[in-house]
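Only one structure is covered here, and it is reproduced in the block below.
Derivation of every value follows stated rules applied to the coordinates shown; laboratory data play no part. Keep in mind it's a predicted model, so treat the numbers as computed, not measured. As a convention, Cβ positions derive from the backbone with ideal geometry for all residues, glycine included, and neighbour counts pool all protein chains shown.
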Protein chains: 4
Amino acid sequence: MCTGSEGHTGAVPEPAAGQAADRGEPAPADDAALVKDLVLANHILFNHGVVDAFGHVSIRHDKAVDRFLLARNLAPAFVTAEDILEFDLDGNPLAAGGRKVYLERFIHGEIYRARPDVMAVVHSHAPALVPFGAVPSEPLKPIWHMSGFLGEGVPVFEIRDAAGPGSDLLIRSGDLGAALAACLGSSSIVLMRGHGATIAGSSLKQAVFRAVYTQINAELQLQAKLLGAATFLNAREAAATSISVGGQIDRAWDMWARQAGRDNP
Amino acid sequence: MCTGSEGHTGAVPEPAAGQAADRGEPAPADDAALVKDLVLANHILFNHGVVDAFGHVSIRHDKAVDRFLLARNLAPAFVTAEDILEFDLDGNPLAAGGRKVYLERFIHGEIYRARPDVMAVVHSHAPALVPFGAVPSEPLKPIWHMSGFLGEGVPVFEIRDAAGPGSDLLIRSGDLGAALAACLGSSSIVLMRGHGATIAGSSLKQAVFRAVYTQINAELQLQAKLLGAATFLNAREAAATSISVGGQIDRAWDMWARQAGRDNP
Amino acid sequence: MCTGSEGHTGAVPEPAAGQAADRGEPAPADDAALVKDLVLANHILFNHGVVDAFGHVSIRHDKAVDRFLLARNLAPAFVTAEDILEFDLDGNPLAAGGRKVYLERFIHGEIYRARPDVMAVVHSHAPALVPFGAVPSEPLKPIWHMSGFLGEGVPVFEIRDAAGPGSDLLIRSGDLGAALAACLGSSSIVLMRGHGATIAGSSLKQAVFRAVYTQINAELQLQAKLLGAATFLNAREAAATSISVGGQIDRAWDMWARQAGRDNP
Amino acid sequence: MCTGSEGHTGAVPEPAAGQAADRGEPAPADDAALVKDLVLANHILFNHGVVDAFGHVSIRHDKAVDRFLLARNLAPAFVTAEDILEFDLDGNPLAAGGRKVYLERFIHGEIYRARPDVMAVVHSHAPALVPFGAVPSEPLKPIWHMSGFLGEGVPVFEIRDAAGPGSDLLIRSGDLGAALAACLGSSSIVLMRGHGATIAGSSLKQAVFRAVYTQINAELQLQAKLLGAATFLNAREAAATSISVGGQIDRAWDMWARQAGRDNP
């Protein structure tokens, strides 16, 4: 099922007092600034090749831990605030109004369910990650300080163990989403063999940052392998750089957001 | 002649009742929306590096199975509706009006003749495919779910077997086109050693989608090989992903079409 | 001196009747259309990465075989008609007017001297060619039909044999230019170890076309090598494709010229 | 600590007569043209991928050898003249006015302290350099004439020897900056394992030029290795090309500056 996973560590979060426990009721209005950042995140991820016409990004609702925000089924480059829908953790939209939803929304819901610490999820189709997902003998590891969050190695989800040998490789159910979340464990990223990757972050900006730099790390690790035996970050360096570089995420987000037109009139 | 082909499966289609059986007569007016999409396809393929100044894309005429539409001899980036010509399956233009035609129009005609199911053909010069066409020991296979349509491997057309050891590698006759179509067999793509590739689709959008994602698959397969032994999609996964991803083609087409200026005033 | 060269084949051309035999006199006014194309060639080569701030392109004067046209010392991207200077085959400018000239103009003069058939010369700094110039055990050969003009292999000029073991690798004299031309022999391209390459064409459009496609061939040959043993074009295929593809050069030139702004008001 | 270093060669420069020896006093007003070039350098380095949201460039103050100019903590792409701050060699800003400074400013100060000949420093995050920093068995060496300044090989700074086995890989103190400067020695560049590189130049334009071409050299050296055993520049060629190409730096700077909008109204 999973190469390199450290096991499942989360639990179903208790809804906070004052929130809608009834699955059918939408949560209180989400923060317009958060929705705006989610829209930007879609565009930033597209600009960096983390997603193309496929792939998506979500955030946990800031007022309801059992809800998340995700665009309707649309190429990320075109997402606007009007395209953002609210979902429960089972992947049911609260008010889709006939709009089509992403088939793989279960990736997001199940990770939010398993990981109370996760506030944003990116489902990446970054090409550079696909070879690492396909070659289990070469675990993706942090080769530079920008990717310390990769820790001691990245788990790889082999869907054959959860969906059998003839699936379409898509996370098309809550069960498959739960299997993926279990493989993710307490890591920040899980590679998905023959598919792409999923990145989890404690904030939207962190998830986007990690999605971009995981892809670059993969390119550099491949190049290093062609040169010879590489020195990777050890566990302490990985942890230390993850903290230090984590303190600089805003500088990157600010640049990417401006490039994506955030400040245009 | 052909590495990895599954054999010839098509037959000459019977012209439908009410169509022009006389080779000299143009078919009823084609659908303006189809011509518009064919023009867009030219630009999309150029934007994605599937074609540069060379390469082309055609569609079978929607009102005459023994006709196809293809631009005059022109770089795809500049094709407009006025450049679209109608051809019979032997590659004769119906009303060229002195305009030059693509030397390799036989690629299109012979595939439409051999494959009644094919409605669009892309002749690709995508650089990433050339190494795979040149190294027969490394068959192009689907490494991710976006390329399941590559099936269990892609045939490679070696023109020396059809045209002798000293040709210019071009499909410059119906005979060579038929040889290529035979090598394509029932596959969706055939690599052409020392040349490029040809992609066949049941619709224009599918052919374009497949042309783009075959090129990406080639890049990823090369990278994976540099890492080690890769896990490819098995036959069932290839078939299942081909269907599922096939249902999402419109999302990609819509984005690519907008990027190509479809919605500009 | 030279790996893979076929020897020197040219001779000093006799000036045509009616032309200025006196080195000091400028030739009759050059064709404005040719100068315009030479300016365009500079921009096209920059757009394709054949040159960056360094590298240059020249044409033999259309009215004086012992003269050639080359820009003053300037990044090719900025060359305009006013920057084009006339030189004799020894590399002396006829009317520099104090403007600085390219240090390596001797590349052009000596090739025009040695090769009466050559009408244009491109000195390329295309990165993809540098590895092939540096690794003599891997001769650059045509892997696809767009590069048949590479013939049976490309000579490599090792400047140590002409300039000793401690030069700055630049063709800074007529003697070094002559050594380079001798290595070029009757080929269309010579790689220059530790430097780049020089491409010779029977017309400007052909030289530019060859400069662009040689670079692409190098990229594809490297990728093919990573896959396994590649099938290259044999001598007859190389010759045949060179002729056929040569007949299509205008289609590429036209696109590149339009992209470079030729038709802008 | 350092692979391939030639040892520490600098000394603390004596402040010139008439300059502010008191650390607390700002130096006389810097040259507005120099500040303008420093701003341009930030943008040029971003355009060439030497820096992204991270990385920085400084110049030694032209009127005070114990001061240097460096932007406040900001993505280089957005640096303007108002963002340039003055620092002493210990990394203390003279008039930060509450603005945040780069954590790794010690890289600059300590190199200026150790190397009286150095007038500009670039801290690069160029991806192509990271694999070489991570694989000590493959020293970065000049493969073409544009990178002769790489000399006989580039030192690699292994921070574990200076900061222990669990650091965050950042040069966050004067001691670490001094260790890096010692590893740089008299070279023009030092690779930083798991991090990037630092380039030192005798002028800003030279430092920028070297930062750009070091990155290209790394890409070409990797490609050459994939082809086979490469011929590198020997020591004399490296020295000779460094001088000759050094005389052409302005041509590159002028193009890059124009591309970065220097001449826009």
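Give the lysines whose C-alpha is closer than 19 Å to that of C:LYS141, dropping any in the same chain fewer than 8 places away, or say none.
Candidates past the 8-residue exclusion: C:LYS225, D:LYS225.
Which whole number gives the average count of other chain Cβ atoms within 10 Å of the Cβ atoms across peptide C:248-261?
Whole-number average of other-chain Cβ neighbours for C:248-261 is 3.
Restricted to Cα positions, what overall size does chain D have along the principal axes? Three whole-Å values, descending.
Dimensions of chain D along the principal axes of its Cα atoms: 56, 48, 34 Å.
With labels modelled as points extended 7 Å from the Cα through the Cβ direction, what inter-label distance (nm, one decimal) is found for D:ASP117 paired with D:ASP175?
Distance between label points: 3.0 nm.
For chain D, what does the relative contact order come out to in percent, with C-alpha contacts under 8 Å and a separation of six or more?
Rounded, it is 24 percent for chain D.
³J(HN,Hα) across region A:70-84 via Karplus (A = 6.51, B = -1.76, C = 1.60, θ = phi - 60°), whole Hz, x for Gly/Pro?
So the Karplus estimates, Gly and Pro as x, are 8, 5, 5, 5, 7, 4, x, 4, 9, 5, 10, 4, 5, 8, 7 Hz.
Restricted to Cα positions, what overall size does region B:22-155 have along the principal axes? Three whole-Å values, descending.
Between the extreme Cα coordinates on each principal axis of region B:22-155 lie 46, 29, 26 Å.
In cubic angstrom, how much convex hull volume per residue do the alpha carbon atoms of the protein assembly as shown span?
Cα convex hull per residue, to the nearest whole number: 183 Å³.
So what J values fall out for region C:86-97 if you push phi through Karplus, 6.51 cos²θ - 1.76 cosθ + 1.60 with θ = phi - 60°, rounded to Hz, Gly and Pro as x?
9, 10, 8, 5, 8, x, 7, x, 7, 8, 5, x
How big is region B:120-194 by Rg and Dmax over its Cα atoms, in Å?
Values for region B:120-194 (Cα only, Rg and Dmax): 12.5, 39 Å.
Enter the angle in degrees (range 0 to 90, nearest 10) between the Cα long axis of helix B:235-246 and the first principal axis of the Cα atoms of chain B, meaning the one along which they spread out most.
50
Give me a single rounded figure for D:47-53: the average over its residues of other chain Cβ atoms within 10 Å of their Cβ.
3
Tell me the Rg and the Dmax, in Å, that the Cα atoms of region D:109-265 produce.
Using the Cα atoms of region D:109-265, the pair Rg, Dmax is 15.9, 51 Å.
Would you pull out the residues with amide H under 5 Å of C:VAL154's amide H, same chain only if 5 or more places away, H placed 1.01 Å from N?
Hits under the 5 Å cutoff: C:LEU140.
Where the centroid of each part is defined by its Cα atoms, how far is region C:158-221 from region B:39-102 in Å?
38
D:GLY49's amide H: which non-local residues (gap 5+, or another chain) put their own amide H closer than 5 Å, with H modeled 1.01 Å from N in plane and none for Pro or chain starts?
none
What does the helix-only formula give at 222 nm for chain D: each DSSP H stretch with n ≥ 4 adding -39500 (n - 2.57), the total divided by the residues, and the result rounded to the nearest 500 deg cm²/dmol?
-10500 deg cm²/dmol
Is the shape of region D:66-135 rounded, prolate or oblate, going by the alpha carbon gyration tensor and its root eigenvalues a ≥ b ≥ c, with a/c under 1.5 for rounded and a/b larger than b/c for prolate?
Note, shape of region D:66-135 comes out oblate.
Along region A:204-221, what does the Karplus equation 6.51 cos²θ - 1.76 cosθ + 1.60 (θ = phi - 60°) give for ³J(HN,Hα), rounded to whole Hz, x for Gly and Pro?
Residue by residue, region A:204-221 yields 5, 4, 5, 4, 5, 4, 5, 5, 5, 7, 5, 4, 5, 4, 4, 4, 5, 5 Hz.
Using a 10 Å cut-off around each Cβ of peptide A:115-128, what is the average number of partner chain Cβ atoms that fall inside?
Mean inter-chain Cβ contacts per residue within 10 Å come to 1.
Given H placed on each backbone N at 1.01 Å, which residues far from D:ALA71 in sequence or on other chains put an amide H within less than 5 Å of it?
D:VAL57, D:LEU85
Given charges of +1 on the Cβ of Lys and Arg and -1 on the Cβ of Asp and Glu, with all other atoms neutral, how large is the dipole of region B:182-265 about its Cα centre, in debye to the nearest 20?
Roughly 120 debye for region B:182-265.
Quick one: label points 7 angstrom along Cα→Cβ at A:ARG99, distances to the other copies in nm, smallest first?
Here the equivalent label points are 4.1, 4.1, 5.8 nm apart from this one.
Toward the positive end of the charge dipole of the protein assembly as shown, about the Cα centre and with charges on Cβ (Lys, Arg +1; Asp, Glu -1), which of B:VAL79, D:MET119, D:THR3 goes farthest?
Selected residue: D:THR3.
Label-to-label distances across copies for C:ILE243, with labels 7 Å out along Cα→Cβ, in nm, shortest first?
5.2, 5.2, 7.3
Where the only charges are on Cβ atoms (+1 Lys, Arg; -1 Asp, Glu), what is the dipole of chain C about its Cα centre, to the nearest 20 debye?
460
What are the distances, in nm and sorted shortest first, from the label point of A:PHE78 to the label points of the same position in each other copy, with each label point placed 7 Å from Cα along the Cα-to-Cβ direction?
Result for A:PHE78, in nm, nearest copy first: 3.0, 3.0, 4.3.
Among the residues of chain C, which one places its Cβ closest to the rotation axis that maps chain C onto chain D, and what is that distance in whole Å?
C:LEU226, 4
Under a plain spin-label model, where a point goes 7 Å from the Cα along Cα-to-Cβ, how far apart in nm are C:GLU152 and C:LEU226?
3.1
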